[in-house]
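*Asks:* Handing you a structure now.
The values are calculated or read from the model by the stated rules, or taken from the named source; none is laboratory data. From a predicted model like this one, the values you see are computed outputs, not experimental measurements. Every residue, glycine as well, gets a Cβ built from its backbone with ideal geometry; the counts of neighbours run over all protein chains shown.
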Amino acid sequence: MSYHKPDEKTLQALKDIANKLRIHSIKETCASNSGHPTSCCSAAELMSVLFFHTMRYKANDPRNPSNDRFILSKGHAAPILYAAWAEAGFIKESELLNLRKIDSDLEGHPTPKLAFVDVATGSLGQGLGAACGMAYTGKYFDKASYRVYCMMGDGECSEGSVWEAMAFASYYKLDNLVAILDVNRLGQSEAAPLQHNMDTYKERCKAFGFNTYVVDGHDVEELCKALWHAEQTKGKPTAIVAKTFKGKGLKGIEDQDNWHGKPMPKDRAEELINDLLSQIQSPNKPLHPQLPNEDVALADLTPIRLLTAPEYKIGDKMSTRKAYGVALKKMGDASPRVVAMDGDTKNSTFSDIFKKAHPDRFIECFIAEQNMVSVAIGCATRDRTVSFASAFAAFFARAYDHIRMAAISQSNVNLVGSHCGVSIGEDGPSQMALEDLAMFRAIPTCTVFYPSDGVSTERAVELAANTKGICFIRTSRPDTAVIYDAGEKFEVGKAKVVRQSDKDQVTIIGAGVTLHEALAAHDQLAKEGVNIRVIDPFTIKPLDASTIVASARATGGKVITVEDHYKDGGLGEAVLSALGEEPGIVVHRLAVSCVPRSGKPQELLDMFGISAKSIVAAVRRTFAN
Amino acid sequence: MEDYHKPDQQTVQALRNIANRLRINSIKATTAVGNGHPTSCCSVAEIMSVLFFHTMKYRPDDHKNPNNDRFILSKGHAAPVLYSVWVEIGFLKESELMSMCQVDSTLEGHPTPKQQFVDVATGSLGQGLGVACGMAYTAKYFDKSSYHVYCLLGDGEMSEGAVWEAMAFASYYQLDNLLAILDINRLGQSDPAPLQHHVEKYQRRCEAFGWHAIIVDGHSVEELCKAMSQPRHQPTAIIAKTIKGKGIPVAEDKMGWHGKVLSKDMAESVMRDIQSRILNSNKRMYPASPIEDAPPVSLRNVRMPSAPNYKPGEKIATCKAYGMAVAKLGRYNERVVAMDVDTKNFTCSEIFKNEHPNRFIECYSAEQNMVSVATGCAARERNIVFASGLATFFTRAYDQLRMAAISDSNINLCGSHCGLSDGEDGPAHMGLEDMAIFRAIPTATIFYPSDAVSTEKAVELAANTKGVCYVRTTRPETAIIYNSNEDFHVGQAKVVCQSKEDQVTVIGAGMTLHEALAAAEQLKKERIHIRVIDPFTIKPLDAKTIIDHVRSTRGRVITVEDHYYEGGLGEAVCSAIVNEPGFTFQRLAVAHVPRSGKMSDLFKIYGIDRDSIAQLVRKMLSSSANAK
């Protein structure tokens, strides 16, 4: 096939739409008296060509699974995205003037409150990773013809996550992915580091394996041509590096400093708009996007259930991280929608058990945790897959901004962090997750599972697959005994009372290794005639306040929490929050209180005061008081 | 190539011998303790030998000497080879090495500054080069000294974006005193690294990012010596093609050996084999001494020379007060430096930049790298560093912050635009989890100043407080509530409004402190009096003041915060007052992902405004009245 230049009429219509998009962007941001019109204007021709020439989609059905995908990674250019959908006819032009208002879904940065937004953007450098997840899904899971377009700013190319995504896209030969770089030279507070050095951008994109075109980003014909070539290119993703001017088309503002994030002054807006209007030749010529190939089936949203109950016997010894791998493999058996990914730790997190059984549904993301989370989010958009991404729990700290944005994106990703706490032992503090519960608790849409044996881990994985929002499963390295019957039922927000008697004097709440330490303490104290109640919260968020309160009351108001986590933001504080106003309850918390060190797991549990020994001592102190 | 003198054969052999002794010790130690990554040590044996005994200039008996060349082992899991180097130098005893990773040893599984020769902890991959950038920037632009910075990276960690942030930074600032060595041993933990042994692809990427990149055989001492001796006019990357497990025949270039130790028998036979390759050479190798041209620096007792210059009632945003305070502090100590991520016009760090342009580092939109650069600049107590960005984007660097705590780093961070008060920009820009994550950093101090006076004091205190200091600032203007001579201390709250008739204690900070004060005014008209407390620092929290005052308001306490419920001010107070009998505690905070809108509307919708506070106070009083 060879390239046919669009006819003059079409080219003129695309130019006209670009100017209409500029006008809308100015009007919107004037109405809200905030926003980024100059960042919109640099992308006007790019948006026009993408939305009215290149992309195939149903304008009245933005979430159709066969549509091409579009991600505005430079989320601050939201007004022009809204303008494009107004021109496409999906939103009313009058609605544009409600930008950023409290009762409008046209927020300052795009969020999925809008049907045409798959992932929230506005934290820079995250769009391309999500686009990679979508493109991977399109090419390898859906095996469909939809393509993925991601519009990025030049400022955000300083974010390392962009280069993680670049490396990923070329490694997996995502030839259905196009990254468009709007190189408008100017950042927020000064020029971006590479200014208009188009060659440097080109060299970087090429070095990272992209088919790369440098174009004049304000020339609609060049854009049509480059995007056409992108579609013909096999085996490589394409980067369109577009030289543009910030504030293009705005006299006296174009390419000038100090216009980032500033609406046009009221007294100049009219003149600027008139100037743009005068360049529009056929204001009423509508262009319609091409329709997609409908080669994608709707997702089967029936709940995914394990085909068989867990196959563990009480007393069997195994780590919860291994149980995760087994469970995930079984979920993969139950549904083809389950996919998994890892950050080159699959032999430690045990996601390699899934990989062995379902190699086509496993994505190795290498050591790039930010990108892995973005890819997981991308894979889960439009319910195309149920994604599980695993790594050492500590290294989700690396991706916390992405996880935060996933909540704003209403994403249903499942994240699994292994090697939590000091119980990993000799590898030392850099590998120990001791802040992960604090992190995930502060994500509003998050469910935090902290299973304590093989059976509950398997059920946690099953529940996570069917729970909306972000799910985090915290797994441990050491082998621990199975404590639940294979038939035991688990629910989100329902704790288990693992040990109880009529004479319990203290309630101990532990999870993971510390639950087992609590059980050991229970046995030891029982020999001395002291009975304690032991609770496994199963989910830390939501926490089963009523079971905890009832147990606390039954044990004279005495509660001890014990956790392999720092004192701040973890299980202990969750319990304090849940107990809230309950009168007459005294809580003692055992947790790690300073940066730990290398050593044998049991030595460290002792040293940091969260072992059976420490629990026994705490119980005794409770009576001393 | 100008003036390169090849080392003599004796030297070359001596360096080879050292490399093999490093292998032997790495194998011996990991087998002895049954833990560690001997194969990742073996691939870098020649590199470490050449670096420490040929290229680097340092005083082996004075690790913290400011003139020494710096070394960072970014691939921290190769710790045993680093420890073996210091055994070879004679600083560590072999017996210490054989008990590494044990609970009473200061030689941990990954390097930490418990050892004098470690400046920053590593072990979370991809972070070393950013720190090295901070050190190299300091050497070149602040110290203006001749020491160089060497960073050894693994190929697996080249997948981390943070590495490329650092790469871009180093070339932008022409850090010709920075040398990165890439140990391309092909194999990662669970799979080969994505680029395998395609050293030319690494070279191309490095060159595209503005580095001079030299490909060498990483096991050739001669090639390494030559490459490292080249004059440098830009940051240089030595791309060393190596074999993972080199010297261990069964493991060489084989999958399945990452992080695996050799059995005792296997270790002994391998060590015998390696030993046989150590040829007699009488030559002892000593590192060259550094040029002593780093200026003396004192970071002790950095004080503001004058009291804050604000008048009560004056309105100013705490983010602006931050910029002014750091600029003022910078006037009286030339080692105060600042950096930002292209948000300096929001965080107001541009006030510092305008006044002290040579001490400001623009890090562009790369938050991870900024925190690493800050850590590097602060290492060996060379600078007092203030790094600013929007509060919420410190989430991007949380792994770096976590590691900064393990590194015992003294960095100061300022997050502006916290909470809903960011308004129309919407949730992507609102910091609503920053207190939760900083509270979970064990070495952190969290300042949350509520006016310009206390902001200035917070900056002064942060400069003198060890550990990671975080200052949370707000975008909207707020009234000055403190006198210029008011004294502030870490962990000391202020009672902003009190009377004998107070019935409820309300604790707020930043915007919500001002909302609480407005609620107090409102309630006064109804003859309801409340006590208002400004905690000043959220960590440590002044539990004593809070408990004393809550007791005097009959145990009634309300917290109100522009933050999510989890991990913020409310939970901090909860932790502080737990087990106090007879307390009634209620919290106001943001419960859901918020949205765009005017700040005042958002405060109402999410229930942290003055009306919500007043209403909760009334409710609390009526329910306690009902209880009687």
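*Asks:* Against the conditions (1) more than 9 Å from chain B (Cβ to nearest Cβ); (2) within 18 Å of the chain's Cα centre (by Cα); (3) without any contact (Cβ under 8 Å) to a residue 60 or more places away in the chain, where does A:L124 fall short? Just the number, please.
*Replies:* (1)
*Asks:* Can you name the residue in the stretch A:312-350 that is among the β-branched types (V, I, T) and within 14 Å of chain B (Cβ to nearest Cβ) and, of all such residues, is surrounded by the fewest Cβ atoms within 10 Å (Cβ to Cβ)?
*Replies:* Start the filter on the stretch A:312-350 by keeping residues that are among the β-branched types (V, I, T), which leaves A:314, A:320, A:326, A:338-339, A:345, A:349.
Right, trim to within 14 Å of chain B (Cβ to nearest Cβ) and you get A:345, A:349.
Values: A:T345: 22, A:T349: 28.
Filtering first and then ranking leaves A:T345.
*Asks:* Select from the stretch B:498-519 the residues that are more than 40 Å from the chain's Cα centre (by Cα) and either surrounded by fewer than 21 Cβ atoms within 10 Å (Cβ to Cβ) or closer than 21 Å to B:E477 by Cβ (or both) and list them in ascending order.
*Replies:* Of all residues in the stretch B:498-519, those more than 40 Å from the chain's Cα centre (by Cα) come to B:499-503.
Within the stretch B:498-519, B:S499, B:K500, B:E501, B:Q503 meet the criteria.
*Asks:* Scan A:V587, A:V534 and give me the residue that is more than 30 Å from B:K114 (Cα to Cα), touching a His at 6+ places or on another chain (Cβ under 7 Å) and outside any helix (DSSP H, G or I).
*Replies:* Working: A:V587 fails: touching a His at 6+ places or on another chain (Cβ under 7 Å).
None of the other options fit; the residue is A:V534.
*Asks:* Exactly one condition in (1) in contact with an Asp or Glu (Cβ under 6 Å, 6 or more places away or on another chain); (2) within 14 Å of chain B (Cβ to nearest Cβ) is not met by A:S374; state its number.
*Replies:* Condition not satisfied by A:S374: (1).
*Asks:* For A:T200, are the conditions met, namely being of a type outside the set (F, W, Y), touching a His at 6+ places or on another chain (Cβ under 8 Å) and within 9 Å of another protein chain (Cβ to nearest Cβ)?
*Replies:* When the stated conditions are applied, A:T200 does not pass them.
*Asks:* If the requirement is being among the acidic types (D, E), buried (at least 18 other Cβ atoms within 10 Å of the Cβ) and either at pLDDT below 95 or not assigned by the TED database to the domain that holds B:E456 (or both), which of these qualifies: B:E580, B:E526, B:E566? Give the steps one after another, and end with the answer.
*Replies:* Details: B:E580 fails: buried (at least 18 other Cβ atoms within 10 Å of the Cβ); B:E526 fails: buried (at least 18 other Cβ atoms within 10 Å of the Cβ).
Of B:E580, B:E526, B:E566, the one residue that is among the acidic types (D, E), buried (at least 18 other Cβ atoms within 10 Å of the Cβ) and either at pLDDT below 95 or not assigned by the TED database to the domain that holds B:E456 (or both) is B:E566.
*Asks:* Restricting attention to the stretch A:433-473, which residues are free of Cβ contacts under 8 Å to residues at least 40 places away in the same chain and either within 14 Å of another protein chain (Cβ to nearest Cβ) or within 18 Å of A:S319 (Cβ to Cβ) (or both)?
*Replies:* A:P444, A:T445
*Asks:* Listed residues A:D142, A:D154; which is of a type outside the set (F, W, Y) and either within 14 Å of chain B (Cβ to nearest Cβ) or within 16 Å of the chain's Cα centre (by Cα) (or both)?
*Replies:* Working: A:D142 fails: either within 14 Å of chain B (Cβ to nearest Cβ) or within 16 Å of the chain's Cα centre (by Cα) (or both).
None of the others qualify; the one that does is A:D154.
*Asks:* Looking at A:A550, A:A574, A:A578 in this structure, which one is under 25 Å from A:A393 (Cβ atoms) and free of Cβ contacts under 8 Å to residues at least 40 places away in the same chain?
*Replies:* Unique residue meeting the criteria: A:A578.
*Asks:* Let me ask something else about it. Answer yes or no as to whether B:H77 is away from every other protein chain (no Cβ under 14 Å) and more than 18 Å from B:Q275 (Cα to Cα). Full working, then the answer.
*Replies:* Numbers: away from every other protein chain (no Cβ under 14 Å): no; more than 18 Å from B:Q275 (Cα to Cα): yes.
So B:H77 fails the test.
*Asks:* Also, quick follow-up: Is the stretch A:167-186 home to any residue that is part of a loop (DSSP other than H, G, I, E, B) and over 23 Å from B:S159 (Cβ atoms)?
*Replies:* Initial filter on the stretch A:167-186 (part of a loop (DSSP other than H, G, I, E, B)): A:172-176, A:184-185.
After this cut, where a residue has to be over 23 Å from B:S159 (Cβ atoms) as well, the list is A:184-185.
Yes, because at least one residue in the stretch A:167-186 is part of a loop (DSSP other than H, G, I, E, B) and over 23 Å from B:S159 (Cβ atoms).
*Asks:* Of these, A:A192, A:A179, which one is more than 14 Å from chain B (Cβ to nearest Cβ), under 28 Å from the mean Cα position of the chain (by Cα) and closer than 24 Å to A:H260 by Cβ? It would help to see each step written out before you state the result.
*Replies:* Values: A:A192 fails: more than 14 Å from chain B (Cβ to nearest Cβ).
After ruling out the rest, the residue left standing is A:A179.
*Asks:* Report, by residue number, each residue of the stretch B:81-119 that is in a loop (DSSP other than H, G, I, E, B), away from every other protein chain (no Cβ under 13 Å) and out of contact with any Pro (no Cβ under 8 Å at 6 or more places or on another chain).
*Replies:* B:L92, B:K93, B:M98, B:Q116, B:F117
*Asks:* List, please: which pairs have Cβ atoms under 6 Å, are six or more places apart or on different chains, and start with a residue in the stretch B:242-256 that is over 17 Å from B:R272 (Cα atoms) and end with one that is among the β-branched types (V, I, T) and assigned to a loop (DSSP other than H, G, I, E, B)?
*Replies:* Once the first residue is over 17 Å from B:R272 (Cα atoms) and sits in the stretch B:242-256, its partners that are among the β-branched types (V, I, T) and assigned to a loop (DSSP other than H, G, I, E, B) give B:D253/B:I243.
*Asks:* Exactly one condition in (1) assigned to a loop (DSSP other than H, G, I, E, B); (2) more than 39 Å from the chain's Cα centre (by Cα) is not met by A:L301; state its number.
*Replies:* (2)
*Asks:* Given the stretch A:310-419, what helices (runs of 4 or more DSSP H) lie entirely inside it while holding 3 or more residues that are under 30 Å from B:A391 (Cα atoms)? It would help to see each step written out before you state the result.
*Replies:* Values: elements: A:320-334, A:346-349, A:352-357, A:369-380, A:400-408.
Of the helices (runs of 4 or more DSSP H) lying wholly inside the stretch A:310-419, those with at least 3 residues that are under 30 Å from B:A391 (Cα atoms) span A:369-380, A:400-408.
*Asks:* On to the next question. Given the condition under 29 Å from B:V496 (Cα atoms) and of a type in the set (D, E), answer yes or no: does some residue in the stretch B:405-428 qualify? Give the derivation first.
*Replies:* Here is the first cut: in the stretch B:405-428, the residues under 29 Å from B:V496 (Cα atoms) are B:412-423.
Among the residues that remain, those that are also of a type in the set (D, E) are: B:422.
Yes, the stretch B:405-428 contains at least one residue that is under 29 Å from B:V496 (Cα atoms) and of a type in the set (D, E).
*Asks:* Out of the residues in the stretch A:560-570 that are touching a helix residue (DSSP H, G or I) at 6+ places or on another chain (Cβ under 6 Å) and facing chain B (nearest Cβ under 10 Å), state the one that is surrounded by the most Cβ atoms within 10 Å (Cβ to Cβ).
*Replies:* As a first pass, look at the stretch A:560-570 and keep what is touching a helix residue (DSSP H, G or I) at 6+ places or on another chain (Cβ under 6 Å): A:560-565, A:568-570.
Next, from what is left, pick out any that are facing chain B (nearest Cβ under 10 Å): A:565, A:568-570.
Numbers: A:H565: 32, A:D568: 27, A:G569: 29, A:G570: 29.
Per the stated criteria, the residue is A:H565.
*Asks:* Among the residues of the stretch B:351-389, which ones are out of contact with any strand residue (DSSP E or B) (no Cβ under 8 Å at 6 or more places or on another chain) and of a type in the set (D, E)?
*Replies:* Scanning the stretch B:351-389 gives B:E355, B:E381.
*Asks:* Right, here's the next one. Does the stretch A:455-465 include one or more residues that are under 30 Å from B:R595 (Cα atoms) and crowded, with 24+ Cβ neighbours inside 10 Å? Lay out the reasoning, then the answer.
*Replies:* Of all residues in the stretch A:455-465, those under 30 Å from B:R595 (Cα atoms) come to A:463-465.
Subset that is crowded, with 24+ Cβ neighbours inside 10 Å: A:464-465.
Taking every residue of the stretch A:455-465 in turn, at least one turns out to be under 30 Å from B:R595 (Cα atoms) and crowded, with 24+ Cβ neighbours inside 10 Å.
*Asks:* Restricting to the stretch B:1-37, name every residue that is under 33 Å from the mean Cα position of the chain (by Cα), of a type outside the set (K, R) and away from chain A (no Cβ under 14 Å).
*Replies:* Scanning the stretch B:1-37 gives B:A19, B:L22, B:N25, B:S26, B:I27.
*Asks:* For residues that are more than 13 Å from every other protein chain (Cβ to nearest Cβ) and touching an Asp or Glu at 6+ places or on another chain (Cβ under 8 Å), tally how many sit in the stretch B:420-448.
*Replies:* 1
*Asks:* Considering only residues of the stretch A:590-609 that are in a loop (DSSP other than H, G, I, E, B) and in contact (Cβ under 8 Å) with a residue 24 or more places away in the chain, which is farthest from the other protein chains (Cβ to nearest Cβ)? If you could, list the steps in order and put the result at the bottom.
*Replies:* Step one: filter the stretch A:590-609 for residues in a loop (DSSP other than H, G, I, E, B), giving A:593-600, A:608-609.
Going one step further and asking which of them are in contact (Cβ under 8 Å) with a residue 24 or more places away in the chain, we end up with A:593, A:595-600, A:608.
Working: A:S593: 7, A:V595: 5, A:P596: 9, A:R597: 6, A:S598: 4, A:G599: 3, A:K600: 6, A:F608: 11 Å.
Looking at residues that are in a loop (DSSP other than H, G, I, E, B) and in contact (Cβ under 8 Å) with a residue 24 or more places away in the chain, I get A:F608.
*Asks:* Further question: Could you tell me which residue of the stretch A:162-203 is surrounded by the most Cβ atoms within 10 Å (Cβ to Cβ), considering only residues that are acidic (D, E) and in contact with a strand residue (DSSP E or B) (Cβ under 9 Å, 6 or more places away or on another chain)? Before you say what the answer is, go through the steps one by one.
*Replies:* Step one: of the stretch A:162-203, the residues acidic (D, E) are A:164, A:175, A:182, A:190, A:199, A:203.
Narrowing further to those that are in contact with a strand residue (DSSP E or B) (Cβ under 9 Å, 6 or more places away or on another chain): A:175, A:182, A:190, A:199, A:203.
Working: A:D175: 21, A:D182: 25, A:E190: 17, A:D199: 12, A:E203: 18.
Selected residue: A:D182.
*Asks:* Out of the stretch A:52-83, which residues are of a type in the set (D, E) and under 29 Å from A:E159 (Cα atoms)? So that I can check it myself, show each step before the final result.
*Replies:* Within the stretch A:52-83, the first condition is being of a type in the set (D, E), and the residues that meet it are A:61, A:68.
If the condition is that a residue be of a type in the set (D, E) and under 29 Å from A:E159 (Cα atoms), then A:D68 is the only one that fits.
For every residue, the table says whether it meets (1) away from every other protein chain (no Cβ under 14 Å); (2) farther than 24 Å from A:T475 by Cβ; (3) surrounded by 24 or more Cβ atoms within 10 Å (Cβ to Cβ).
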| residue | (1), (2), (3) |
| --- | --- |
| A:I508 | yes, no, yes |
| A:L515 | yes, no, yes |
| A:S546 | yes, yes, no |
| A:G572 | no, no, yes |
| A:L579 | no, yes, no |
| A:E582 | no, yes, no |
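*Asks:* Select from the stretch B:561-587 the residues that are more than 7 Å from chain A (Cβ to nearest Cβ) and more than 31 Å from the chain's Cα centre (by Cα) and list them in ascending order.
*Replies:* Residues of the stretch B:561-587 more than 7 Å from chain A (Cβ to nearest Cβ): B:561-563, B:565, B:568-570, B:572-573, B:576-577, B:580-583, B:586-587.
Residues satisfying the conditions are B:E580, B:P581, B:G582, B:F583, B:Q586, B:R587.
*Asks:* Looking at this structure, is B:I481 of a type in the set (V, I, T), at pLDDT 95 or above, on the phi < 0 side of the Ramachandran plot and in a loop (DSSP other than H, G, I, E, B)?
*Replies:* On the way: of a type in the set (V, I, T): yes; at pLDDT 95 or above: yes; on the phi < 0 side of the Ramachandran plot: yes; in a loop (DSSP other than H, G, I, E, B): yes.
The answer is yes for B:I481.
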